[in-house]
Each structure stands twice: as C-alpha cells, then as structure tokens.
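The values are calculated or read from the model by the stated rules, or taken from the named source; none is laboratory data. Since the structure is predicted, the reported quantities are computational estimates derived from the model, not experimental observations. Reconstructed Cβ throughout: ideal geometry from the backbone, glycine too, with neighbour counts over all protein chains shown. Protein only, heavy atoms only, side chains kept; ligands, DNA and RNA dropped before computing areas. Shrake-Rupley method; radii C 1.70, N 1.55, O 1.52, S 1.80 Å.
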Amino acid sequence: MEEWRRSLEPKIEEARARLRGVPPEELARRGGARLVGDRIRLEFLGRTYTLDPMDLRFYRPDGKPAHVEEEAMLLDYLCNADGAAPSGRWIGFRELPHGHFYFRAFQGYTGDELVRRLDSSGLRRAAERAGGKPIPLGDLGYEFRPLPLIPVAVVWWEGDEEFPPKASLLFDANAGRYLPTEGLAILGRLLCRRLIELAEG
C-alpha cells in the first residue's frame, strides 16, 4: 500500500504543474467549487476540502493535509474540469473507457460490498444522512454528488426467493470528462465506504 501511495507522487506533482498559474476563480468555476477569499472550497463526499492556490495542496476539514489518494483525485479532477454541466444521462461502469476490463472488480468493492454490509433500510438511512436525492431507479435509488460536477447513482434491487439483493453504481455520462475511469473507480469505492460508515455509525 505504501509503495502504491508513493507511486502517486509523480502524478500529483504533474497535476500541480498543470494547475500552476491558473487563476483561483477559474479553477473554482471549472470544478463547481467556491472561492472564499483566496482559498478554493471543494465539496468532496459531503465534506469541504480547501485548496491553497499558492502551494496547490488540499486540506481536510480539520486542517490536516488531504491523504495522498484524496490529493491525487482532487487535483486530477481540477486538471480535467471544464465546467460542463452533468448530462442527466446515467451509464454503467462498463460503459466508461476500458470499464469492461475492470467491471467485475469494481462491482465487487462497490455494489457487492454494500449488499454484504447493508440492507435496504441501512442504505436508506445512510443515503439520507449523506444528503442523497431519491431517484426512480431500482427498488431504491439515490443520487449523490461526491464531487460537485460528478453525479453518482446508487441503485438497489431488493431481490426475491430466486435472486438475492443487488446494488450497482451508475455515473453521469459526462463523468469521464472530469476523471479517468481509474479515478471514477476510486470515487465509487470511497462513496460506498462513506455510506457504510454512515449506516453503521
């Protein structure tokens, strides 16, 4: 794990180089963030992270530096962001670039993990705590904004005598404009982890 985190450092430095010199107001506009004074406030999984435009480092709500994985994802998001609004059309992970190669693993640590850890009432409780918006998909569906311009849907099917419960994640069709498929996979995993925490907390 430590080796993997170290492997993210060059990616982080490359992202910082790309963002250096971009006016803070432009970064905020592109990413759907807020500019407060000279700091950029970006909502991430229901928490407000702060970007210092001088050193291009993200800080968590408690003031501590963001974890390496978070830092890499948030900087990548701002590098790719162009301010485009969500399309309003849902797609499965398989429909993302190269998503069919990684779908089985993605489903295992997202939807399947939700079914292992929660039931439908637990998902409902967690979704309400996370500010999810009910949507008419499956037996239970919620839309989340883990990042301002990347809607993600969690859809739950209750199952019956023949089929067990199932949960899946869907992404807005424009999600790939903001993060590569690998980043969206991590985003989905972190969203599911957060929902499990909220349900059990």
Original post:
Which helices count as membrane-span-like in the chain under these terms: full DSSP H, at least 30 Å along the axis by C-alpha, Kyte-Doolittle mean of -0.5 or more?
Top reply: none
Original post:
Kirkwood hydrodynamic radius (Cα pairs, Å) of the range 51-107?
Top reply: 14.0 Å
Subject >> Between the range 47-95 and the range 121-156, the alpha-carbon center distance in angstrom >> reply: 19 Å
Subject >> Apportionment of accessible area to carbon and sulfur, the chain, percent (1.4 Å) >> reply: 51 percent
Original post:
How high is the relative contact order of the range 129-201, in percent, with contacts defined as C-alpha pairs under 8 Å that are six or more residues apart?
Top reply: 22 percent
Original post:
When only Cα pairs under 8 Å and 6 or more residues apart are kept, what is the percent relative contact order across the range 43-201?
Top reply: 28 percent
Subject >> More than 20 angstrom apart: percent of Cα pairs within the range 1-77 >> reply: 26 percent
Original post:
When N is the residue count of the chain, what does its C-alpha Rg come to as a fraction of 2.2 N^0.38 Å?
Top reply: 1.04
Subject >> Accessible area (Å², per residue) of the range 1-72, counting only protein heavy atoms and a probe of 1.4 Å >> reply: 60 Å²
Original post:
How high is the FRET efficiency from residue 20 to residue 69, r the C-beta distance, R0 25 Å, rounded to 0.05?
Top reply: 0.70
Subject >> Per-pair calculated FRET efficiency, R0 = 25 Å: residue 94 and residue 41 via Cβ, rounded to 0.05 >> reply: 0.15
Original post:
Taking a temperature of 4 °C and a viscosity of 1.567 mPa s, what whole-number D in µm²/s does Stokes-Einstein yield for the range 101-201 with Rh from Kirkwood over alpha carbon pairs?
Top reply: 95 µm²/s
Subject >> Theoretical FRET efficiency, 1/(1+(r/R0)^6), r = Cβ-Cβ of residue 87 and residue 161, R0 30 Å, to 0.05 >> reply: 0.20
Original post:
Using modelled amide H (1.01 Å from N, peptide plane; none on Pro or chain starts), what sits under 5 Å from the amide H of residue 44, excluding residues fewer than 5 places away?
Top reply: 49
**OP:** Quick one: what are the phi-derived ³J(HN,Hα) couplings along the range 148-160, Karplus 6.51/-1.76/1.60 with θ = phi - 60°, whole Hz, x for glycine and proline?
**Re:** x, 10, 10, x, 10, 9, 10, 10, 10, 10, 5, x, 8
